[in-house]
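One structure is given below, encoded as structure tokens.
Here, each number is a calculation from the coordinates, and none is a lab measurement. Quantities reported herein were computed from a predicted structural model and do not represent experimental measurements. We place every Cβ from the backbone using ideal geometry, glycine too, and count neighbours over all the protein chains shown.
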Amino acid sequence: MTVPTISTSAEVFATLDVGAGANTNAISRVVGATPSGGQTLVTLARYDCRDDDGSADAPRWYIEFSAANSNPAELHPSEIPALIDTLTEMHRAWLYLDPENFS
């Protein structure tokens, strides 16, 4: 697995104004063989923000599911193994990118 290189939370915080936030996408994958059969964009992302007093909130990691094209974000049940593989890849990347959660 190749782990993506993304800006650290500290690097993002350095660019944020008080009360502002920013999303950083670590990995995005399209799951689904064809647009007509259903496709979903799956993204591992981190949200960093500063409170109204300027202090940095703890980073919030999340998985986002959205439409990969103009069709609804849906998958045929036959795509479940590909979705599981994608989520496993994202979980491993998250473990690598966010080690402070495990210390």
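Run the quick spin-label model on residue 5 and residue 84: label points 7 Å from Cα toward the beta carbon, then report their separation in nm to one decimal.
With each label placed 7 Å out from Cα toward Cβ, I get 3.4 nm.
Please turn the phi angles of region 6-15 into ³J(HN,Hα) values with the Karplus equation 6.51 cos²θ - 1.76 cosθ + 1.60 (θ = phi - 60°), one per residue in order, whole Hz, x for glycine and proline.
10, 4, 6, 4, 4, 5, 5, 4, 5, 9
Specify the angular offset, from 0 to 90 degrees and rounded to the nearest 10, of the alpha carbon long axis of helix 80-97 from the longest principal axis of the alpha carbons in the chain.
20 degrees
Below 8 Å between Cα atoms, with a sequence gap of 6+, how large is the relative contact order for the chain in percent?
Computed value for the chain: 26 percent relative contact order.
What number do you get for the chain when its Cα radius of gyration is normalised by 2.2 N^0.38 Å, N = residues?
Normalised Rg, Cα atoms only: 1.25.
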